[in-house]
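Visitor: Have a look at this one before I ask anything.
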Amino acid sequence: MTMLSATLLATSALPSYAKINVAERLPELEKIYLDLHQSPELSFNEKETSQKIAKHLTKLGFEVTDNVGGYGVVGLLKNGQGPTVMIRTDTDGLPIIEQTGVPYASQVRVTNKEGIQVGVMHGCGHDIHMTSFLGTAEHLVANKDKWQGTLMMVAQPAEEVGAGAKAMLKEGLFSNFAKPDHIIALHVSASVPAGKVALKPEYTMASVDSVDIIVKGKGGHGAYPHTTIDPVVIASRVVLALQTITSRELSPLEPSVVTVGSIHGGSKHNVISNEVKLQLTLRSYNPAVREQQIAAIKRITAGIAASAGLEESLFPEVIVHEGESIPSTYNNPQQTARVTEAIKSAIGGDNVELTAPVMAGEDFGLFGRTEEKLPITLFWLGGVNPQNYAEAMKNNTQLPSLHSSKFAPDYQKAIPTGVSAMSNAALALFRK
Ligand SMILES: [Zn+2]
Ligand SMILES: [Zn+2]
């Protein structure tokens, strides 16, 4: 047994809770899910969605504040002396035309801020998160005799652009509302069968940085390259040289991704341009690796520009979009062990898996990175129809990923599992 699974499997002295019966609430939860699924809203536009959540929480007796950091909602329910447990859902959809073929597919089209008409879809399953969140709130209210403390329900907007958690924290989430002792969230998984949960202690999701590189040159006629310094050639060298950051500068034991996702330059066959623009995404777990990636990008781009004969004033500009950057998600090991035991008691030990970390990012990680250093746990809620999962495994085919226009989670199985898992995790954390 590795250290990792030893931590995860360590049994604490937790009571085992009775299996939560959400079956009878399923028709109501299904109605909520289908409504949310068919009315997705883009990041920063979650107005209707936030009102629906605020209405539900108010009806359940929470003290509700809306418009926190954009369309964020905070619901507080005080139930005697005890810890404060925060449960977070995200609320935004994605600019994707849904192609799942399900009868309840989203038909929503909006004009984005660039003036282009786009489809909107809950392609990351945030509708599953919200429904599980409301089901959990309802369950915990109905079972108030089983816990003591303050329940803090947080519906966070703009996750897909890495801005919502930051905005809610900036508006004093922990100072104006409550400082949680425990913070938990779930994310639906496109690679775990519905009915199961997968999680891991420590690093579980990566940090995300968006970086622009403006490569400069001296343009001119395509037939007289010797009179120019060609930024297309410099940019090409840069793209190749950047591959050595992960492969040659960083330890092979440290996760790192440096991806050039976009390259644009020039306007015509026979014109050498003055500029090429690159757009990169950087991923890592360790903040020191992130620093090293950025330092290496600056050094490599400047070095290549110098070797091409450019003066320093024309060295590439490296712009790190600090406002969009999110840290890695670090699951507090002790809290995650308690959450794991509670979920096992709710849905059965066989349905809880130790998972590998991924290089995708989540701004949920930010809630654990404030100066209070609060413990957070994010777990994966299986979303794939079990039969589809079994077939994909048998035929070695790829399942639609999160953010795919074809991602159709098995909500009828995933939502009750989400409610059971999340409710039991919260009940366990209310126990001192
Ligand atoms: Zn997403
Ligand atoms: Zn997501």
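The values are calculated or read from the model by the stated rules, or taken from the named source; none is laboratory data. This is a predicted model, so every value here is computed, not measured. When we count neighbours, we look across all protein chains shown, and the Cβ atoms used for this are built from the backbone with ideal geometry, even at glycine.
Visitor: Step by step: first the residues of the range 75-92, then only those that are in contact with an Asp or Glu (Cβ under 6 Å, 6 or more places away or on another chain) and surrounded by 24 or more Cβ atoms within 10 Å (Cβ to Cβ), then the one that is farthest from Phe133 (Cα to Cα). Which residue is that?
Guide: Looking only at the range 75-92, we keep the residues that are in contact with an Asp or Glu (Cβ under 6 Å, 6 or more places away or on another chain), and these are 76, 83-84, 90-92.
Right, trim to surrounded by 24 or more Cβ atoms within 10 Å (Cβ to Cβ) and you get 90-92.
Values: Asp90: 10, Thr91: 11, Asp92: 14 Å.
Among those residues, the one meeting the criterion is Asp92.
Visitor: Next question, about the same structure. Give all pairs with beta carbons closer than 9 Å in which a residue from the range 253-270 that is without any contact (Cβ under 8 Å) to a residue 40 or more places away in the chain and surrounded by 10 or more Cβ atoms within 10 Å (Cβ to Cβ) meets a residue that is part of a strand (DSSP E or B) and small (Gly, Ala, Ser); count only pairs at least 6 apart in sequence or on separate chains.
Guide: Close Cβ pairs (under 9 Å, with a partner that is part of a strand (DSSP E or B) and small (Gly, Ala, Ser)) amount to Glu254/Ser284; Ser256/Ser284.
Visitor: Among strands (runs of 3 or more DSSP E) lying entirely in the range 175-241, which contain 2 or more residues that are over 30 Å from Val358 (Cα atoms)? Walk me through it before giving the result.
Guide: Working: elements: 182-193, 197-199, 202-205, 207-216.
Filter on the range 175-241 gives 207-216.
Visitor: Surrounded by fewer than 17 Cβ atoms within 10 Å (Cβ to Cβ), touching a residue at least 12 places away in the same chain (Cβ under 8 Å), within 16 Å of ligand 1 (Cβ to nearest atom) and not aromatic (Phe, Trp, Tyr), is that true of Val102?
Guide: Here the answer is no, as Val102 does not meet what is asked.
Visitor: Name the residues in the range 175-189 that are crowded, with 21+ Cβ neighbours inside 10 Å and more than 16 Å from ligand 1 (Cβ to nearest atom), would you?
Guide: Selection gives Phe177, Pro180, His182, Ile183, Ile184.
Visitor: Where the second residue is of a type in the set (Phe, Trp, Tyr) and the first is surrounded by 18 or more Cβ atoms within 10 Å (Cβ to Cβ) and lies in the range 59-74, which pairs have Cβ atoms under 7 Å and are six or more apart or on separate chains?
Guide: Qualifying pairs under 7 Å: Gly70/Phe44; Val74/Phe177.
Visitor: Something else about it: Among Ala190, Ala198, Ala163, Ala206, which is the only one that is within 16 Å of ligand 2 (Cβ to nearest atom) and within 19 Å of Arg338 (Cβ to Cβ)?
Guide: Details: Ala190 fails: within 19 Å of Arg338 (Cβ to Cβ); Ala163 fails: within 19 Å of Arg338 (Cβ to Cβ); Ala206 fails: within 19 Å of Arg338 (Cβ to Cβ).
Matching residue, one of Ala190, Ala198, Ala163, Ala206: Ala198.
Visitor: Is it the case that the range 132-145 has a residue that's in contact with a helix residue (DSSP H, G or I) (Cβ under 6 Å, 6 or more places away or on another chain), under 23 Å from Ser405 (Cα atoms) and assigned to a helix (DSSP H, G or I)?
Guide: Yes, some residue in the range 132-145 is in contact with a helix residue (DSSP H, G or I) (Cβ under 6 Å, 6 or more places away or on another chain), under 23 Å from Ser405 (Cα atoms) and assigned to a helix (DSSP H, G or I).
Visitor: Could you check the range 83-138 and list, in sequence order, the residues that are at positive phi and either away from ligand 2 (no atom under 16 Å from the Cβ) or more than 21 Å from the chain's Cα centre (by Cα) (or both)?
Guide: Gly101, Gly115 - these are the residues of the range 83-138 that are at positive phi and either away from ligand 2 (no atom under 16 Å from the Cβ) or more than 21 Å from the chain's Cα centre (by Cα) (or both).
Visitor: While we're looking at this one, here's another question. Would you be able to say whether some residue in the range 380-397 is within 16 Å of ligand 1 (Cβ to nearest atom) and either part of a helix (DSSP H, G or I) or touching a Phe, Trp or Tyr at 6+ places or on another chain (Cβ under 7 Å) (or both)?
Guide: No, the range 380-397 has no match at all.
Visitor: Here's another thing I want to ask about it. Please state which one of Val141, Val154, Val85 is more than 16 Å from ligand 1 (Cβ to nearest atom), closer than 17 Å to Ser43 by Cα and touching a Leu at 6+ places or on another chain (Cβ under 8 Å).
Guide: Val154
Visitor: With Val154, Val161 as the choices, which residue is outside any helix (DSSP H, G or I), of a type in the set (Val, Ile, Thr) and modelled with pLDDT of 95 or more? Even if it seems obvious, please write down each step before you answer.
Guide: Details: Val161 fails: modelled with pLDDT of 95 or more.
Going through Val154, Val161 in turn, the sole match is Val154.
Visitor: On to the next question. Which of the residues spanning the range 208-245 are closer than 15 Å to Ser284 by Cα and either touching an Asp or Glu at 6+ places or on another chain (Cβ under 9 Å) or outside the structural domain of Leu282 (by TED's automatic domain parsing) (or both)?
Guide: Selection gives Val208, Asp209, Ser210.
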